[in-house]
Every structure is written in structure tokens, then in C-alpha cells.
Amino acid sequence: MAPAGLPVGTSGTLLVQGYALNDVTAVSFTPAAGVTFGTPTVNAAGTHVSVPITVAAAAPAGWREVTLN
């Protein structure tokens, strides 16, 4: 997974690598406070998922668990 983190008040793209990711339709964080996601895109081979992420300026700092749905 890259990047490992984003500073508050920024946007970026999360890239998750793996296999059999073709059915991923959503990505979420726990805790989710201050983080919003765009629509995930899966490559044709099902080995990469990319999703736009925005981290609000008021988002609490800290680790989050990533869930692919």
C-alpha cells in the first residue's frame, strides 16, 4: 500500500497491490473521521486498486485500518 500516510489538509491517491481485487467497489478507513474517498479503480488483472483520498485539515492524526469492500 502506498503512500503509508498523507498529511492533514492534503489529497492523494492510495494504491493497494494484491491479487483477486476485481470485486473491490469501495475502500474505507477505521476510524474514518476527516477522511473521504473517491471511487476505487481496479486494473484489468485485479492486482492494483487506486482510490483518491482527501484528508481534511481537522482530521485527527494517527493510524487507520484500511478495508477493501
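Restricting attention to region 27-47, the residues that are over 26 Å from Pro60 (Cα atoms), open to solvent by less than 50 Å² (accessible area, probe 1.4 Å) and in contact with a Phe, Trp or Tyr (Cβ under 9 Å, 6 or more places away or on another chain) total 2.
Could you tell me which of the residues Val24, Val8 is under 26 Å from Ala61 (Cα atoms), assigned to a loop (DSSP other than H, G, I, E, B), hydrophobic (A, V, I, L, M, F, W, C) and more than 10 Å from the chain's Cα centre (by Cα)?
Working: Val24 fails: under 26 Å from Ala61 (Cα atoms).
Going through Val24, Val8 in turn, the sole match is Val8.
Note on region 27-69: residues that are in contact (Cβ under 8 Å) with a residue 40 or more places away in the chain and within 19 Å of Gly5 (Cα to Cα) total 14. Taken over region 50-69, the criterion of being more than 9 Å from the chain's Cα centre (by Cα) and either assigned to a loop (DSSP other than H, G, I, E, B) or crowded, with 16+ Cβ neighbours inside 10 Å (or both) is satisfied by Val55, Ala56, Ala57, Ala58, Ala59, Pro60, Ala61, Gly62, Trp63, Arg64, Asn69.
Residue-wise test of (1) touching a Pro at 6+ places or on another chain (Cβ under 6 Å); (2) modelled with pLDDT under 95; (3) of a type outside the set (Phe, Trp, Tyr).
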| residue | (1), (2), (3) |
| --- | --- |
| Met1 | no, yes, yes |
| Leu6 | no, yes, yes |
| Phe37 | no, yes, no |
| Thr41 | no, no, yes |
| Ser50 | no, no, yes |
| Thr54 | no, no, yes |
| Asn69 | no, yes, yes |
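May I ask you to verify whether Thr13 is among the polar types (S, T, N, Q), touching a residue at least 12 places away in the same chain (Cβ under 8 Å), in a loop (DSSP other than H, G, I, E, B) and open to solvent by 70 Å² or more (accessible area, probe 1.4 Å)? Judged against the criteria, Thr13 is not a match.
The values are calculated or read from the model by the stated rules, or taken from the named source; none is laboratory data. None of the values given here were measured: they were computed from a predicted structure. For neighbour counting, all protein chains shown are included, and Cβ atoms are generated from backbone atoms with ideal geometry for every residue, glycine included. Note: accessible area is taken over every heavy atom of the protein model, side chains too, but ligands, DNA and RNA are not part of it. Shrake-Rupley method; radii C 1.70, N 1.55, O 1.52, S 1.80 Å.
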